[in-house]
């Protein structure tokens with residue numbers, strides 16, 4: 001990793017970075033094979049295939065949204081250090097319209113996944129029938145379409161303004177993105193809560209937790225910073241981002257460390273209150289997860305998402321070592337999948353479900369889709385935002 | 001017994017970084033460098049080893065965690081067991097919030113205290129400040145015992161606006 005500063009390339013000199021054809025072909029094959037397997041699974045074992053699609057669909061959609069949230073946070077903070085690699089979170093955000101598809105595909109199959117969508121349940125269940133006005137398939141679909149449309153709009157706007165700056169070179173575009181980001185962050189905070197409640201928490205419609213969305217938001221931040229770090233290191237190694245220096249990595253490492261700890265804080269805040277109060281309607285969520293087939297993944301979740309990353313990222317040199325950061329990011333991303341798997345799968349498979357064929361198909365299939373969208377975005381825009389007023393600051397970033 | 005420290009004053013960040021590196025590369029031992037604000041790259045220019053303060057922080061954090069865990073374990077399991085909501089006396093999740101708070105408290109306060117002590121910043125400290133280094137001057141202090149005349153030459157060549165000798169107790 002070079003620690004000295006390179007010169008910015010001249011304006012408009014190049015298109016995007018040509019990601020190897022092998023990578024793109026592998027992504028396409030992965031998407032087709034993975035999603036095809038899930039399609040076949042719909043007939044054979046629908047609960048499991050749909051759980052896997054929801055887990056992976058949400059995981060990768062969160063990476064795309066996380067890219068936009070990362071950008072928006074940097075814009076409203078007037079941060080300059082990230083500018084050199086800002087095309088990476090922008091490329092992630094370009095996945096949002098693609099990522100809408102796996103989630104929209106769930107709507108027609110809602111009764112297989114969601115208890116409240118099954119005929120006859122709402123009328124006979126006393127705890128649920130008052131929720132019927134909200135939890136019904138048409139309204140669920142409308143809410144999903146509106147939320148996804150809002151996110152597609154904002155992520156498109158943020159990226160378009162940034163790309164426009166490559167040629168227009170005006171500070172006004174940065175200011176416009178600051179304003180757009182402020183509005184986006186407020187609306188995203190609200191809609192993401194709704195999405196987490198709707199798509200994940202309503203899998204167990206009797207149960208509720210007010211911190212659930214915030215806890216998911218911490219997972220979104222932690223996993224997207226990891227994915228940005230991985231992409232930055234890989235693109236640097238491929239020669240696409242020679243300007244990335246050790247200080248950029250150090251700051252990304254700090255964010256990984258901080259967000260992993262935020263996740264643990266919120267996970268524990270949810271667990272402690274439920275454990276302490278010991279009220280049956282709340283403990284109903286944790287009891288199946290802490291016993292039987294789910295017990296090992298339950299404890300592994302805390303190890304992967306917090307304990308290991310915390311210890312591994314504590315020393316300063318650890319956060320400045322790209323190979324080490326790649327390993328820790330891999331642990332955290334695996335942890336994020338497990339965390340979501342633990343939220344989704346036990347609702348329909350209370351006895352346990354490991355990392356089987358359908359789970360892998362979901363990860364590979366939706367992951368392939370994500371890789372396709374991101375490589376397409378990386379190829380379509382110059383790697384260095386030459387018109388960004390913060391670029392020089394970012395090139396000289398030093399911690 | 002007193003010894004003489006050579007001080008070179010500079011008026012910009014770039015010059016002081018440049019001169020610091022030059023003095024060290026010429027084989028002179030640095031006493032310290034004083035700047036009005038944290039200068040990026042100074043640790044590197046001075047050839048400083050990684051700070052040991054992180055270990056103070058880590059040790060204090062571990063001490064805080066251990067103390068908090070032991071106190072709660074002793075009071076609620078050994079000394080005065082109370083039945084709270086039918087939970088076991090030794091209920092680990094209940095001990096975490098206090099342990100977290102004490103870990104953070106011990107780590108933060110000890111680190112700040114260790115820094116202030118090490119930098120001799122406390123009431124009654126006889127440590128003198130060089131003129132203008134809290135305002136608009138950067139100062140390099142070359143340790144006594146080295147070739148001060150040759151070091152002075154290096155400082156001048158790298159843009160020192162002024163040099164001086166200061167007597168320090170050795």
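The values are calculated or read from the model by the stated rules, or taken from the named source; none is laboratory data. Treat the numbers as computed from the prediction; the structure is a model and nothing was measured. Using ideal geometry, Cβ is built from the backbone for each residue, glycine included, and neighbour counts are taken over all protein chains shown.
When A:362, A:356, A:367, A:335 are screened for being within 27 Å of residue A:23 (Cα to Cα), out of contact with any helix residue (DSSP H, G or I) (no Cβ under 6 Å at 6 or more places or on another chain) and modelled with pLDDT of 95 or more, only A:367 passes. In a residue-by-residue description of the stretch B:104-113, the property of being within 12 Å of chain A (Cβ to nearest Cβ) and in contact (Cβ under 8 Å) with a residue 40 or more places away in the chain applies to at least one position.
Of the residues making up the stretch A:294-306, those that are within 14 Å of chain B (Cβ to nearest Cβ) and surrounded by 14 or more Cβ atoms within 10 Å (Cβ to Cβ) are A:298, A:302, A:306.
Residues in the stretch A:352-370 that are surrounded by fewer than 20 Cβ atoms within 10 Å (Cβ to Cβ) and part of a loop (DSSP other than H, G, I, E, B): A:352, A:354, A:355, A:356. Would it be correct to say that residue A:260 is within 22 Å of residue B:96 (Cα to Cα) and surrounded by fewer than 19 Cβ atoms within 10 Å (Cβ to Cβ)? Taking the combined requirement at face value, the residue does not satisfy it.
Only a single criterion out of (1) in a helix (DSSP H, G or I); (2) surrounded by fewer than 18 Cβ atoms within 10 Å (Cβ to Cβ); (3) more than 14 Å from every other protein chain (Cβ to nearest Cβ) is not satisfied by residue A:242, namely (1).
Of the residues that make up the stretch A:281-293, is at least one farther than 30 Å from residue B:88 by Cα, within 14 Å of chain B (Cβ to nearest Cβ), modelled with pLDDT of 95 or more and touching a helix residue (DSSP H, G or I) at 6+ places or on another chain (Cβ under 8 Å)? For the stretch A:281-293, residues farther than 30 Å from residue B:88 by Cα, within 14 Å of chain B (Cβ to nearest Cβ), modelled with pLDDT of 95 or more and touching a helix residue (DSSP H, G or I) at 6+ places or on another chain (Cβ under 8 Å): absent. Condition check for residue A:150 on (1) assigned to a helix (DSSP H, G or I); (2) free of Cβ contacts under 8 Å to residues at least 24 places away in the same chain: one failure, at (2).
Residues satisfying the criterion are absent from the stretch B:85-96 (criterion: at pLDDT below 95 and closer than 30 Å to residue B:156 by Cβ). Looking across B:154, B:142, one residue alone is out of contact with any strand residue (DSSP E or B) (no Cβ under 7 Å at 6 or more places or on another chain), surrounded by 14 or more Cβ atoms within 10 Å (Cβ to Cβ) and assigned by TED's automatic domain parsing to the domain that holds residue B:24. It is B:154.
Within the stretch A:376-393, the residues that satisfy the criterion of being away from chain B (no Cβ under 14 Å) and within 18 Å of residue A:174 (Cβ to Cβ) are A:381, A:382, A:384, A:385, A:386, A:387, A:388, A:389, A:390, A:391, A:392. Residues of the stretch B:36-57 that are closer than 22 Å to residue A:315 by Cα, assigned to a loop (DSSP other than H, G, I, E, B), within 11 Å of chain A (Cβ to nearest Cβ) and over 14 Å from the mean Cα position of the chain (by Cα): B:40, B:41.
Screening the stretch B:22-35 for residues that are in contact with a strand residue (DSSP E or B) (Cβ under 8 Å, 6 or more places away or on another chain) and surrounded by 15 or more Cβ atoms within 10 Å (Cβ to Cβ) and picking the one that is nearest to the other protein chains (Cβ to nearest Cβ) gives B:35. Looking at the stretch A:254-344, the helices (runs of 4 or more DSSP H) lying wholly inside it that each contain 1 or more residues that are under 23 Å from residue A:208 (Cβ atoms) and without any contact (Cβ under 8 Å) to a residue 40 or more places away in the chain sit at A:280-283, A:286-290, A:295-302. Restricting the search to the stretch A:80-112, which residues are within 17 Å of the chain's Cα centre (by Cα), assigned to a helix (DSSP H, G or I) and within 30 Å of residue A:386 (Cα to Cα)? If the condition is that a residue be within 17 Å of the chain's Cα centre (by Cα), assigned to a helix (DSSP H, G or I) and within 30 Å of residue A:386 (Cα to Cα), then A:87, A:88, A:89, A:90, A:91, A:92, A:93, A:96, A:97, A:98, A:99 are the ones that fit. Among the candidates B:19, B:38, B:45, the residue that is surrounded by fewer than 14 Cβ atoms within 10 Å (Cβ to Cβ) and within 30 Å of residue B:153 (Cβ to Cβ) is uniquely B:38. With the condition kept exactly as written, say whether any residue in the stretch B:8-16 is part of a helix (DSSP H, G or I), away from chain A (no Cβ under 14 Å) and under 27 Å from residue B:103 (Cα atoms). No, every residue in the stretch B:8-16 fails to be part of a helix (DSSP H, G or I), away from chain A (no Cβ under 14 Å) and under 27 Å from residue B:103 (Cα atoms).
Could you check, for the stretch B:82-99, whether at least one of its residues is more than 14 Å from every other protein chain (Cβ to nearest Cβ) and assigned to a helix (DSSP H, G or I)? Scanning the stretch B:82-99, I find no residue that is more than 14 Å from every other protein chain (Cβ to nearest Cβ) and assigned to a helix (DSSP H, G or I), so the answer is no. For the residues A:362, A:352, the requirement of being at positive phi and away from chain B (no Cβ under 14 Å) singles out A:352.
Checking B:62, B:53 one by one, the residue that is free of Cβ contacts under 8 Å to residues at least 60 places away in the same chain and loosely packed, with under 15 Cβ neighbours inside 10 Å is B:62 and no other. For residue A:315, state whether it is surrounded by fewer than 19 Cβ atoms within 10 Å (Cβ to Cβ) and either farther than 26 Å from residue A:102 by Cα or within 14 Å of chain B (Cβ to nearest Cβ) (or both). Answer is yes for this residue. Selection of the stretch B:109-142 for residues being modelled with pLDDT of 90 or more and under 12 Å from residue B:5 (Cβ atoms) yields B:139, B:140, B:141, B:142.
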